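Colleague: My questions will all concern the structure given below.
The values are calculated or read from the model by the stated rules, or taken from the named source; none is laboratory data. Worth saying up front: this structure is predicted, and the values here are computed from it rather than measured. Here the Cβ positions follow ideal geometry from the backbone for every residue, glycine too, while neighbour counts run over all protein chains shown.
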């Protein structure tokens with residue numbers, strides 16, 4: 001029973017990755033807020049925000065893959081929220097599940113993600 005509490009629910013590993021991004025809450029007249037990712041996976045990501053976003057809220061997230069092409073765009077659902085300890089402003093970390101993405105962006109994103117997994121595994125094997 002206690003092992004079920006701590007069981008990992010993710011299907012795909014997350015890669016710690018600080019990428020420039022911006023987000024806005026869907027269904028609101030809101031401008032994009034600049035942020036950065038904390039990590040990514042094949043079906044999700046996490047990013048910082050200054051505002052408290054609640055689970056179930058949908059956001060448009062645009063992430064710069066640093067490949068000289070325009071940022072990829074996705075619609076994602078907030079799944080969890082946590083506090084970030086900061087000396088200045090209160091910040092939150094938001095875990096999202098990707099709901100939809102244009103096909104061209106999805107292919108780029110998955111290639112990028114797979115390349116990062118290979119880099120991580122290669123570094124592990126060199127130890």
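Colleague: If only one of 65, 61, 53 is within 21 Å of residue 29 (Cα to Cα), within 16 Å of the chain's Cα centre (by Cα) and part of a loop (DSSP other than H, G, I, E, B), which one is it?
Modeller: One residue alone meets the criteria, 53.
Colleague: Could you say which residue among 83, 89 is touching a residue at least 24 places away in the same chain (Cβ under 8 Å), surrounded by fewer than 11 Cβ atoms within 10 Å (Cβ to Cβ) and either out of contact with any strand residue (DSSP E or B) (no Cβ under 7 Å at 6 or more places or on another chain) or assigned to a strand (DSSP E or B) (or both)?
Modeller: Only one candidate qualifies: 89.
Colleague: Separate question: Among the candidates 41, 20, 46, single out the residue that is loosely packed, with under 15 Cβ neighbours inside 10 Å and closer than 26 Å to residue 111 by Cα.
Modeller: Of 41, 20, 46, the one residue that is loosely packed, with under 15 Cβ neighbours inside 10 Å and closer than 26 Å to residue 111 by Cα is 20.
Colleague: Another question, then. Exactly one of (1) outside any helix (DSSP H, G or I); (2) surrounded by 14 or more Cβ atoms within 10 Å (Cβ to Cβ); (3) touching a residue at least 24 places away in the same chain (Cβ under 8 Å) is unmet by residue 77. Its number?
Modeller: So the condition that residue 77 fails would be (3).
Colleague: Kindly indicate whether residue 123 is under 14 Å from the mean Cα position of the chain (by Cα), outside any loop (DSSP other than H, G, I, E, B) and at negative phi. Write out each step before concluding.
Modeller: Numbers: under 14 Å from the mean Cα position of the chain (by Cα): no; outside any loop (DSSP other than H, G, I, E, B): yes; at negative phi: yes.
For residue 123, the condition - under 14 Å from the mean Cα position of the chain (by Cα), outside any loop (DSSP other than H, G, I, E, B) and at negative phi - is not met.
Colleague: Here is a follow-up. Given (1) part of a helix (DSSP H, G or I); (2) touching a strand residue (DSSP E or B) at 6+ places or on another chain (Cβ under 9 Å); (3) modelled with pLDDT of 90 or more, identify the lone condition not met by residue 70.
Modeller: (1)
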